[in-house]
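So the structure is just underneath, and the comments pick up after that.
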Amino acid sequence: MSVHDPRAWERPQPRPANPIPYGLRRLAPSWRWLSEAMWWVEHSFGRARANARPEEDTRVRIFLITTVFSVIFCALALGAANAALLKPKGAVGSVSNPNAVSRGDIVDRNGALMATNVTHYSLYVNPNEVWDPELAAQQIRRALPRVSASKLRNVLDGRRRLLVLQRLTPEEKAAVHGLALGGVTFEPEDLRIYPLEGSARHVLGASDTGAQGISGAELAFNTEIRAAGQDGGSFPLSIDLRVQGVLDNELAAAASAVQAHGAVGVVADATTGEILGMSSWPTTDSKNLAASGHYEMGSVFKTFTIAASLDTGKVDMNTMFDASQPYMIGNRRISDFHATNKILSLEEVYLHSSNIGTSRMAVELGPDTMRDYFQRLGLLEAAPIELHESARPRLPRNWEDSSRASMSFGYAIMITPLQMTAATVALVNGGMYRPLTLRRGGTGVEGRRVVSAETSRAIRDLMRANVLRGSGKSANAQGLRVGGKTGSANKLVNGRYDPRHGVGSFASVFPADGGENTRRYVIFVLIDEPALGSQLGGAVAAPTAGRVIDRISGFLNVERVADPIVPGLAAPR
């Protein structure tokens, strides 16, 4: 039979036992129909020739081409639909970028922006795709003058794709992109921006290039800030940027005027423990002095010693103390800086800042009781706040009479400004110790009772009296009923207390009057090693606190009232 005999092709042709390859058969047995269809198309040309129907041959070819293009089109459409509908948000067209999970904005308690992300671009060049390296170098340098000529040349002379420059502005990116050069590409980079620059810088901290917090609030609330970024939201802090701005301004002015080594300021809500402002100067120093700076703070500790003595009933407002001569503990002689050489009432001990008077109280309290009250006030452990930088205090080796006497007026124990702030909050808010917090709205923790409400009221009265006619006069602000206690201490240098290196501090409350439910605020200021003028807290720290209080009272809705006339007290300044 001739091969041209049409009947030659009428016999059934043998088919493959299984036209689907083994690998496909394992993965998708349901594709058998596709294999059979391909087998049919493959033999359709032979059947068309055998049946002398060349026009069918042409139609089959057209059909095959159309089918192939249709299949390709469908595959591309399915792929695009899968990418658009099924892949996670941000996956389409994204590059491998560690910042794919963006951090949410940080805002203050009123919603004002404190930290945000800005997308910058990094410039990469693949020399294998550059047609004319010399021309490319000239054009890129013209469009981007700040790029390093040597680095650009090294990249263009290399053999692989390399980074040329980071953090291009949108204008710079557009200028380079407009060159339409081969081998030039860009990758997005999420850059964390702090629009207020130095303000609250130590509170905010920083995050790394992988969008992870590494210090400050960025680290303390890392999980929540990242979650806010995923949701397109923001994370609010307890900080009030109006208060923060005033604190930063006054602290920097005071520290600069006396050429201080450093300075710290804290403003806290005594009802909730929320931090409204926290400043550490100089802002160029990476260390947050409020959370991790250790200081012997001097006479501000007398408030704690007197509070413990009042609360235990060891003393009352009528108790008298012999300060007519130095107080001896063994061979140690304790004297007063502002010696009165007379017998003092409890109020006079406070107003004259008598070391003798508080040393007598500390000895009378005994080691167990004094240690118990210092523990209650948080002076023996790191300040409870979200910041990882919050440092533990440096404590005395023993609680003997001499050590307790030193601690009663702020020596032999080194604490942080946040510890001082937390302890002062507890003494003026009715006697409840609450953790400090940078979380807006507070922690919700009830707190624990430290001293009675009566002791708290007595302490507020003493602090107010000290501002009216004691060492804190320079902190008085008209109509705001400021109360406070000054502190001054020499620093330990080469094993000896050196009067040329001192610390001046002031722990204050306003308003100091009113009932337990009155909204009050605590302001603590410390000036470290002022080089010009006096180093006493009443001279360098108290006036700074007074100016801060005077400026922020309106933001906090504290009304000014006529200061009451109290017999024996001087008029407010």
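The values are calculated or read from the model by the stated rules, or taken from the named source; none is laboratory data. Note that the coordinates shown come from a computational prediction; the quantities given were computed from them, not determined experimentally. For neighbour counting, all protein chains shown are included, and Cβ atoms are generated from backbone atoms with ideal geometry for every residue, glycine included. Only protein heavy atoms, including side chains, enter the accessible area calculation; ligands, DNA and RNA are left aside. Shrake-Rupley method; radii C 1.70, N 1.55, O 1.52, S 1.80 Å.
Structure summary
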read-out: Potential extension, Q230-E129 segment - 0.36 nm per residue separation minus Cα distance; value: 32.7 nm
read-out: Gyration tensor (alpha-carbon) shape descriptor, region 352-474, a/c threshold 1.5; value: oblate
read-out: Per residue solvent-accessible surface (Å²) - region 142-237, probe of 1.4 Å; value: 52 Å²
read-out: Inter-part distance where region 386-430 and region 440-488 are each reduced to a Cα centre, Å; value: 17 Å
read-out: Calculated log₁₀ intensity ratio I(q)/I(0) where the Debye formula runs over C-alpha points of region 396-547, q = 0.14, 0.16 Å⁻¹; value: -0.75, -0.96
read-out: Accessible area expressed per residue, region 373-439, with surrounding protein chains retained (probe 1.4 Å, Å²); value: 30 Å²
read-out: Sparse-neighbourhood loop sites, GluC sites (Glu not before Pro) in region 164-238 - DSSP loop, at most 11 other Cβ within 10 angstrom; value: E197
read-out: Sites matching trypsin sites (Lys or Arg not before Pro) across region 140-240 that sit in DSSP coil, with at most 11 neighbouring C-beta atoms within 10 Å; value: R146, R159, R160
read-out: Whole-number percent relative contact order across region 413-486, with pairs defined as alpha carbons under 8 Å at least 6 apart; value: 22 percent
